[in-house]
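A.B. asks: Sharing a structure below in structure tokens format, with a few things to ask.
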Amino acid sequence: MEERISRWGIGPTTFVPSSIYALAAWAATSAWPGAFRLRGLPGVVETAGAVLMAAGLLLWIVGAVTVMRAYSRDRLVTSGAFALVRHPVYAGWITLGLPGLALLLRSWPMLLAPLIAYAIFRRLIHREDQYLERRFGQAYLDYRHRVNELIPIPRFWSR
């Protein structure tokens, strides 16, 4: 029988470098706010950031709890958050949490952190996709065909 992929998947490889960059960007913004702080619309930017952060954290937590339970039961999850995106843990981090944090802290260099995380995700996600395809076969291929990776965009063109 094939060895199982780690329950963490490519998560640490995506999370750690993008977090280190975000921390460095925040430090630069704190040290040199005149050069790196987002300007304009006081309160609006922070509110948008807080909303994105909250949504990202919720998606991340729901996705993580669901995937950990499914991993323990060796099941493919295609409902709940997984009906919206195939990788809600990564989606919560890359598309909501990191951009929200950048806005909340009003740091334009931090806006590059989601791009870094996305680049790492794109480079490595094939490992999880290949594993899931081997593990769950046609069920995963059908699911992959129906549901986008990170952004809940309907796939009208594939029907």
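A.B. asks: Using a 7 Å offset from the Cα along the Cα-to-Cβ direction at both Arg7 and Ser72, what is the distance between the two label points in nm, to one decimal?
C.D. replies: Placing both labels 7 Å beyond Cα along the Cβ direction yields 0.7 nm.
A.B. asks: Now a separate question. Specify the angular offset, from 0 to 90 degrees and rounded to the nearest 10, of the alpha carbon long axis of helix 113-136 from the longest principal axis of the alpha carbons in the chain.
C.D. replies: 10 degrees
A.B. asks: Could you work out the helix-only [θ] at 222 nm for the chain, with each DSSP H run of four or more residues adding -39,500 (n - 2.57) and the total divided by the number of residues, to the nearest 500 deg cm²/dmol? Kindly include the intermediate steps, with their values, before the conclusion.
C.D. replies: Working: 8 runs with 103 residues, N = 159.
Theoretical 222 nm ellipticity from helices: -20500 deg cm²/dmol.
A.B. asks: OK, next. Loop only per DSSP, at most 12 neighbouring Cβ atoms within 10 Å: give me the GluC sites (Glu not before Pro) in segment 1-110, ordered by residue number.
C.D. replies: On the way: sites: Glu2, Glu3, Glu46; in loops: Glu2, Glu3.
Passing both the DSSP loop test and the Cβ count: Glu2, Glu3.
A.B. asks: Which Cα, out of Gln138, Gly34, Leu103, lies furthest along the positive dipole direction of the chain (beta carbon charges, K/R +1, D/E -1)?
C.D. replies: Gln138
A.B. asks: Can you put Leu41, Leu98 in order of Cβ neighbours within 10 angstrom, beginning with the fewest?
C.D. replies: Placing the least packed residue first, the sequence is Leu41, Leu98.
A.B. asks: To the nearest 20 debye, what charge dipole does the chain have about its Cα centre, counting +1 at the Cβ of each Lys and Arg and -1 at the Cβ of each Asp and Glu?
C.D. replies: Around 160 debye, computed over the chain.
A.B. asks: Which order results if Ser30, Ser72, Ser19, Ser107 are arranged by neighbouring Cβ count within 10 Å, fewest first? Mind showing how you got there, number by number?
C.D. replies: Details: Ser30 12, Ser72 9, Ser19 16, Ser107 24.
By the 10 Å Cβ count, ascending, the order reads Ser72, Ser30, Ser19, Ser107.
A.B. asks: A further question on this structure: By how many degrees, 0 to 90 and rounded to 10, does the Cα axis of helix 44-73 deviate from the longest principal axis of the chain?
C.D. replies: Helix 44-73 sits roughly 20 degrees off the main axis of the chain.
A.B. asks: Could you tell me the relative contact order of segment 49-152? Use alpha-carbon pairs under 8 Å, at least six residues apart, and round to a whole percent.
C.D. replies: Details: 116 pairs, mean separation 37.0, N = 104.
Computed over segment 49-152, the figure is 36 percent.
A.B. asks: Further, regarding this structure: Loop-only check: which trypsin sites (Lys or Arg not before Pro) in segment 34-137 are DSSP coil with at most 16 other Cβ within 10 angstrom?
C.D. replies: On the way: sites: Arg37, Arg39, Arg69, Arg73, Arg75, Arg86, Arg106, Arg122, Arg123, Arg127, Arg134, Arg135; in loops: Arg39, Arg75, Arg86, Arg106.
Those satisfying the criteria are Arg39, Arg75.
Each reported figure results from applying straightforward, stated rules to the coordinates on display, with no laboratory input. Here the structure is a predicted model, which is why all the values come from computation and not from measurement. In this analysis, Cβ positions are derived from the backbone assuming ideal geometry, glycine residues included, and neighbour counts consider all displayed protein chains.
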